[in-house]
Amino acid sequence: MYIGASFAASRSIAAMPRFKVAHLTTVDMSLRYLLLAQLRAVRDAGGEAIGISAPGPDVAELEREGIRHIAIESSTRSLDPRADAAAAMELVRILRRERVDVLHTHNPKPGLYGRVIGKWARVPIVVNTVHGLYATEDDAWSRRAAVYTLEAIASRCSDVELFQNPEDLALMERLHLTRRARLLGNGVDLVRFDASRVSAEERHRLRAEFGASDGTVVVGAVGRLVAEKGFAELFEAFAALDRRRYLLVVAGSEDSAKRDALSQSMISSARQRGVVFLGHRLKIEAVYASLDIFVLPSHREGFPRAAMEAQAMALPVVATNIRGCRQVVEDGLTGLLVERRDPDALARAITLLGENRDLRARMGAAGRARALVEFDERRVVERVSHAYIDVARRKGLALGAMLSHSMR
């Protein structure tokens, strides 16, 4: 922790009012499951940590953590221009009232309107995290042009752009569409996601709950039940496997607000073929511990948290060879990469691991070792704190001394 050099400086810092850092997301789930460590860091440094999003069931847990939540009633994940405009106006009123020191936005939609409004409202520091550009290399050029243009415009309104994925950062820099950008990376709680913390008894109990016998290879997926997570291909791949040998479990909630939400007929059909749907599970680390193989057949990712969690739990990972998954899975070392939308390749990769216990163990151990080096969320929190401090110093804000004293 950085301490002011003089007693006078220390007294002036102590006399400063408590600083406010607000994180803006679409829904409260993101605040709880993606950003909680960053919010806790502000709280623990003596600042006021604020989460701004649509209201929801995770608000209570945020408030138990000492994080104040401010609701944007109009915020929605669906494409709704009228609701988005209303959400933007709600944010204007919130920023006028709260006078936050740092507004940290998160894409997609809040990252766009939040940066513009933050600058317009003269928030001292506006920071944005790019969790993953909402365009992939094989999207139509019209879609890519729209996404890149909006990001370029919004980035002019922020003081620093934090990119989770190095491929996104390299692309935007190559096209000269971002400024003051730096690589953030991504991470998970390596203490929570540690297979040694889940007892053999709990693992056995969960596998029995799933209907797995001692010889069953349990394959698992974790994520919202939407098409872009590749569930159609996963269900087709599973149908090609021997049901006496393999069991597929899926942990994740339905997301009817998304246009690509899985239909009830698809879910029912998969269930009839033996897929076990667990719904949303709070103790997801125990679910990971009960698996033999983790699968992420996504069409688009930024920097997938579920794959990092699985590797931290010493699971071999089968994932698609796309941006994000490539940053987590080292093909042939910590798991296997397959082409997206290819259920046959997915089935082959699962079978290769399913029939080789030693290979699963080696890849799982390598994944845990890599997670300890690459995917520690404490380092992500440090990078975010440094970004706040660097911006404050660059802009000559007194806030810089306060943040340096409190957050280092």
If I filter the range 194-206 for residues that are in contact (Cβ under 8 Å) with a residue 60 or more places away in the chain, in contact with a Gly (Cβ under 9 Å, 6 or more places away or on another chain), surrounded by fewer than 22 Cβ atoms within 10 Å (Cβ to Cβ) and of a type in the set (A, V, I, L, M), do I get at least one hit? yes
Inspect the range 174-190 for any residue being assigned to a helix (DSSP H, G or I) and either touching a Leu at 6+ places or on another chain (Cβ under 8 Å) or under 29 Å from A369 (Cα atoms) (or both) and give the result as yes or no. no
Is there a residue being touching a residue at least 60 places away in the same chain (Cβ under 8 Å), in contact with a Lys or Arg (Cβ under 7 Å, 6 or more places away or on another chain) and either surrounded by fewer than 20 Cβ atoms within 10 Å (Cβ to Cβ) or closer than 21 Å to S158 by Cβ (or both) anywhere in the range 133-143? yes
Looking at the range 35-56, is at least one residue under 23 Å from P108 (Cβ atoms), touching a helix residue (DSSP H, G or I) at 6+ places or on another chain (Cβ under 8 Å) and loosely packed, with under 14 Cβ neighbours inside 10 Å? no
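Among the listed residues M407, M313, identify the single one that is buried (at least 18 other Cβ atoms within 10 Å of the Cβ) and either modelled with pLDDT under 95 or touching a Pro at 6+ places or on another chain (Cβ under 6 Å) (or both). Please lay out each step first, then the result.
Details: M313 fails: either modelled with pLDDT under 95 or touching a Pro at 6+ places or on another chain (Cβ under 6 Å) (or both).
M407 is the lone residue from the list that is buried (at least 18 other Cβ atoms within 10 Å of the Cβ) and either modelled with pLDDT under 95 or touching a Pro at 6+ places or on another chain (Cβ under 6 Å) (or both).
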Among the residues of the range 144-153, how many are closer than 16 Å to N165 by Cβ and either of a type outside the set (A, V, I, L, M, F, W, C) or touching a residue at least 24 places away in the same chain (Cβ under 8 Å) (or both)? 3
Residue among L169, L162 that alone is in contact with a Leu (Cβ under 8 Å, 6 or more places away or on another chain), more than 12 Å from L133 (Cβ to Cβ) and crowded, with 16+ Cβ neighbours inside 10 Å: L162
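The values are calculated or read from the model by the stated rules, or taken from the named source; none is laboratory data. A quick note: this is a predicted structure, and the numbers were derived from the prediction, not measured. Note: ideal-geometry Cβ built from the backbone for every residue, glycine included; neighbour counts use all protein chains shown.
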